[in-house]
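Peer 1: Got a structure for you, written out below as structure tokens; questions coming shortly.
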Amino acid sequence: MDSQVVRRPVEFHAMEFVEYIKTPKVDSVTLHRPFYARVEGTLCLTGHHLILSSRKTNTEELWLLHSNIDAIEKKFVGSVGHLTIKCKNFMIIQLDIHGMEECLNIASSIEMLSNLSKVTLTYPFFYRPMSDALEDGWQAFLPESEFARVTGDEWRLSHVNKNFQVCPTYPQTVVVPKAVDDDCIMQAAAFRQGGRFPVLSYLHSPNGTVILRSGQPLPGPNGKRCKEDEKLVNSALGVGKRGYIIDTRSYNSAVNSRSKDFYLILFPPGGGFETEAHYPQWRRVHKPLDRFSNLQESLTKLMEACNKNTNSMDKWLGHLGASSWLSNVKEVLTTACLVAQCVDRESSSVLVHGSEGLDATLQITSLAQIILNPDCRTLRGFEALIEREWVQSGHPFASRCAKSCYAGSKLKCTGPVFLLFLDCVWQVIQQFQCSFEFNEQFLILLFENAYASQFGTFLCNNEHERQMLKLSEKTQSLWTYVNRPQILEVYINPLYQPNSSVIWPSVAPQSLMLWSTLFLRWDMDNTSNDSTDKEIRKIQQNDKQLKIRAIQLRKQLSELQREALEKGLISE
């Protein structure tokens with residue numbers, strides 16, 4: 001389901017929205033949007049949607065979530081106002097409105113309604129699904145049920161973070177080494193940025209090695225050590241084993257973090273990294289990845305390139321290269337492959353962290369699991385991965401996805417970290433098209449819902465905030481919607497064949513491509529791809545029916561042969 005078009009939702013008109021809507025309805029508005037003929041109709045504003053309905057009965061209505069609007073531009077030609085609305089999912093539409101006052105009122109209302117400061121006024125708190133839920137998505141991937149899949153006796157569930165008292169961005173239940181008690185964990189948490197002590201991300205069952213993630217240690221300028229943290233980290237290693245610490249910062253950045261003033265103010269006694277003297281069983285490797293702010297600039301340049309009308313191949317490739325988006329894809333994939341190689345081929349455990357452990361760290365641990373674990377390449381397994389490694393692990397969706405590429409630098413905490421991860425997954429799918437149960441439409445669904453949604457899954461920045469707002473009671477989970485059979489079939493890859501092997505994607509520049517069906521989907525007609533998938537499903541369905549018919553005919557033949565034998569018509 002495209003989040004930019006929501007058909008006939010149940011709307012609740014809260015009194016809080018009255019002050020925002022200066023002109024609730026305007027007639028004779030013309031809509032221009034990609035791949036559709038221009039439409040004239042009535043424009044209505046509700047608390048959560050911009051709605052345009054045509055007088056022509058056969059023309060589809062437009063229901064656009066205000067939360068999907070990234071920026072709005074105004075232009076007047078005589079008495080006609082032209083509003084260009086740029087959406088977070090990269091769609092751009094234009095509304096032609098007669099009358100300057102009406103146009104300005106509509107623009108003002110849209111700007112206010114698309115930037116609501118109170119999360120409880122957003123659409124997920126008002127959305128009421130039309131059909132009954134077959135499964136509660138909020139309960140689908142709880143840490144307890146996910147831990148049941150962990151093999152081995154060296155790990156345990158810890159409730160040390162009950163009521164989020166140790167780490168506000170972790171879930172209340174985490175998986176830690178059985179050899180360390182909760183008191184040790186609390187001491188280690190005080191030595192990690194944001195209290196993000198090392199926790200289990202993945203256990204590789206073929207050899208028992210693990211991937212851990214955390215925030216950076218806090219030795220500060222004086223090189224302070226924490227024996228509890230050292231014990232916790234070393235407990236992840238087997239006897240005589242060595243491990244790797246993958247630091248997603250450059251060496252200079254890691255060194256500078258020890259003495260930067262803002263670290264001293266926010267996270268005394270300053271940041272830093274694990275020294276070999278105190279962590280002798282671990283080898284530290286620096287793999288610098290761009291921070292969210294740089295990714296935001298990269299995405300902005302990428303979409304500027306995609307929206308430029310040029311017939312020059314050199315200019316297009318120049319603009320694409322200048323955005324550095326594919327370079328970021330390459331670096332993230334390369335680092336994930338390094339982690340997977342350490343775990344699978346060298347039988348070495350890995351600890352991944354950068355500064356906060358909220359962005360690049362999660363990209364790497366998630367992608368490494370997709371490479372290593374075939375379950376993460378199933379649709380439900382991928383849902384569990386997103387829930388476990390992103391939602392429950394504290395990726396700040398509300399901050400990072402507050403704005404997209406068209407909003408400029410209005411918010412300093414925004415950055416397409418999750419989108420870059422999805423792009424990396426798409427790149428791997430292109431190289432192993434039969435190894436993934438889900439298709440690229442599922443990735444696009446996740447992207448769209450991370451930025452604007454009627455569901456509560458990606459609201460807020462962490463589990464603590466979600467619990468305070470009682471999201472599981474007041475909103476519906478995206479997984480509740482997706483896992484309905486009639487919805488799920490849309491996102492199934494018809495070419496899927498289970499592959500239990502580790503997959504090794506190529507990270508060579510010539511192996512990576514622009515995700516055109518996402519970034520250029522409003523400039524390209526992708527209906528041919530949809531028709532191809534439908535034709536494949538049709539062939540598979542016919543094949544299934546023919547196999548069933550063949551079984552029935554064999555059964556009938558067997559019965560006829562037996563009957564003929566009994567009547568002496570044939571001999572054995």
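Peer 1: Quick one: length gained pulling MET513 to ILE487 fully straight, 0.36 nm per residue minus the C-alpha distance?
Peer 2: Stretched fully, the MET513-ILE487 segment lengthens by 6.5 nm.
Peer 1: Now a separate question. How would THR84, THR335 rank on accessible area, largest to smallest, probe 1.4 Å?
Peer 2: THR84, THR335
Peer 1: Can I ask one more? In debye, nearest 20, what is the charge dipole magnitude of the chain about its Cα centre with +1 on Lys and Arg Cβ and -1 on Asp and Glu Cβ, if you could check?
Peer 2: Roughly 560 debye, rounded to the nearest 20.
Peer 1: Find the Rg to Rh ratio for segment 450-492, where Rh is the Kirkwood radius over alpha-carbon pairs and Rg uses the same atoms.
Peer 2: 1.05
Peer 1: Could you work out the local net charge near SER348, counting Lys and Arg as +1, Asp and Glu as -1, over the other residues with Cβ closer than 14 Å to its Cβ?
Peer 2: +3
Peer 1: Along the charge dipole of segment 500-571, pointing to its positive end and built from +1/-1 on Cβ of Lys, Arg, Asp and Glu, which listed residue (LEU569, LEU514, LEU557) has its Cα farthest out?
Peer 2: Of the candidates, LEU569 comes out farthest on the positive side.
Peer 1: Assign unit charges at the C-beta atoms only (+1 for Lys and Arg, -1 for Asp and Glu), then state the dipole size of segment 247-363 relative to its Cα centre in Debye, rounded to the nearest 20.
Peer 2: Working: 12 positive and 13 negative charges, 36 e Å.
The dipole magnitude comes to about 180 debye.
Peer 1: Same structure, new question: Based on the alpha carbons, how large is the Rg to Rh ratio for segment 294-426 when Rh follows Kirkwood?
Peer 2: Ratio of gyration radius to Kirkwood radius for segment 294-426: 1.02.
Peer 1: Kirkwood Rh over Cα pairs of segment 129-193 into Stokes-Einstein at 4 °C, 1.567 mPa s: D in µm²/s? Don't skip to the answer; put the middle values down first.
Peer 2: Details: Rh = 13.8 Å.
The estimated diffusion coefficient comes to 94 µm²/s.
Peer 1: With a ≥ b ≥ c the root eigenvalues of the C-alpha gyration tensor of segment 23-119, is it rounded (a/c under 1.5), prolate (a/b larger than b/c) or oblate?
Peer 2: Verdict is rounded for segment 23-119.
Peer 1: Hey, with R₀ at 51 Å, roughly what FRET efficiency would ARG345 and LYS75 work out to, going by the Cβ-Cβ distance, to 0.05?
Peer 2: Computed FRET efficiency for ARG345 and LYS75 comes out at 0.30.
Peer 1: Sticking with the crude label model, points 7 Å out along Cα→Cβ, report the distance from ARG225 to LEU495 in nm, one decimal please.
Peer 2: Label-label distance for ARG225 and LEU495, simple model: 5.4 nm.
Peer 1: Obtain the nm distance between the two label points defined at GLU563 and SER506 by a simple spin-label model: each point lies 7 Å from its Cα along the Cα-to-C-beta direction.
Peer 2: It is 5.9 nm.
Peer 1: Given the convex hull over the Cα atoms of segment 319-392, what projected area results after averaging over all orientations, in nm²?
Peer 2: Convex hull of Cα atoms, orientation-averaged projection: 6.0 nm².
Peer 1: By the gyration tensor of its Cα atoms, with a ≥ b ≥ c the square roots of the eigenvalues, what is the shape of segment 420-552: rounded for a/c under 1.5, prolate for a/b over b/c, or oblate?
Peer 2: On the way: a/c = 1.90, a/b = 1.34, b/c = 1.42.
It is oblate, given that a/c is not under 1.5 and a/b is not larger than b/c.
Peer 1: Still on this structure: Sort 543-555, 369-381 by packing, meaning the average of other beta carbons within 10 Å per residue, with the highest value first.
Peer 2: Numbers: 543-555: 10.0, 369-381: 20.8.
In decreasing order of mean packing, 543-555, 369-381 become 369-381, 543-555.
Peer 1: Can you pull the one-decimal nm distance between simple spin-label points at CYS413 and SER312, each 7 Å off the Cα toward Cβ?
Peer 2: For CYS413 paired with SER312, the spin-label model returns 4.1 nm.
Peer 1: Could you work out the percent of alpha carbon pairs in segment 172-236 separated by over 19 Å, rounded to a whole number?
Peer 2: In whole percent, the share of Cα-Cα pairs in segment 172-236 beyond 19 Å is 29.
Peer 1: Taking N as the number of residues in the chain, what is its alpha-carbon radius of gyration divided by 2.2 N^0.38 Å? Each step should come with its number before you reach the end.
Peer 2: Working: Rg = 26.8 Å, N = 572, 2.2 N^0.38 = 24.6 Å.
Working it through for the chain, the quotient is 1.09.
Peer 1: Let me ask something else. Rounded to the nearest 0.05, what FRET efficiency do SER131 and SER571 have when you use their Cβ-Cβ distance and R0 = 41 Å?
Peer 2: Values: r = 60 Å, r/R0 = 1.47.
That pair, SER131 with SER571, gives E of 0.10.
Peer 1: How much accessible surface area, in Å² rounded to 10, belongs to the heavy atoms of SER349 with a 1.4 Å probe?
Peer 2: 10
Peer 1: Here is a follow-up. Where both partners of a DSSP beta bridge lie in the chain, what percent of those bridges are antiparallel, to the nearest 5?
Peer 2: 75
Peer 1: Could you list the residues of segment 470-497 with an amide nitrogen less than 11 Å from a label point located 7 Å from the Cα of GLN541 in the Cα-to-C-beta direction?
Peer 2: No residues fall inside that zone.
Peer 1: Once amide H atoms are built 1.01 Å from N in the peptide plane, which residues 5 or more positions from ARG283, or in another chain, come under 5 Å H to H?
Peer 2: The list, which skips near neighbours in sequence, is GLY243, TYR244, ILE245.
Peer 1: Still on this structure, please answer the following. May I ask you to compute the full-extension gain from ASN256 to ASN294, defined as 0.36 nm times their residue separation minus their alpha-carbon distance, rounded to one decimal in nm?
Peer 2: Additional length available on full extension: 11.8 nm.
Peer 1: To continue, here is another question. Please compute the per residue accessible area over the chain with all protein chains in place, 1.4 Å probe, rounded to a whole number of Å².
Peer 2: 46
Peer 1: Could you please put TYR491, TYR36 in sequence from largest to smallest accessible area, using a 1.4 Å probe?
Peer 2: TYR36, TYR491
The values are calculated or read from the model by the stated rules, or taken from the named source; none is laboratory data. Computed from a predicted structure; not experimentally measured. Every residue, glycine as well, gets a Cβ built from its backbone with ideal geometry; the counts of neighbours run over all protein chains shown. Ligands, DNA and RNA are excluded from the accessible area calculation, which covers all protein heavy atoms including side chains. Shrake-Rupley method; radii C 1.70, N 1.55, O 1.52, S 1.80 Å.
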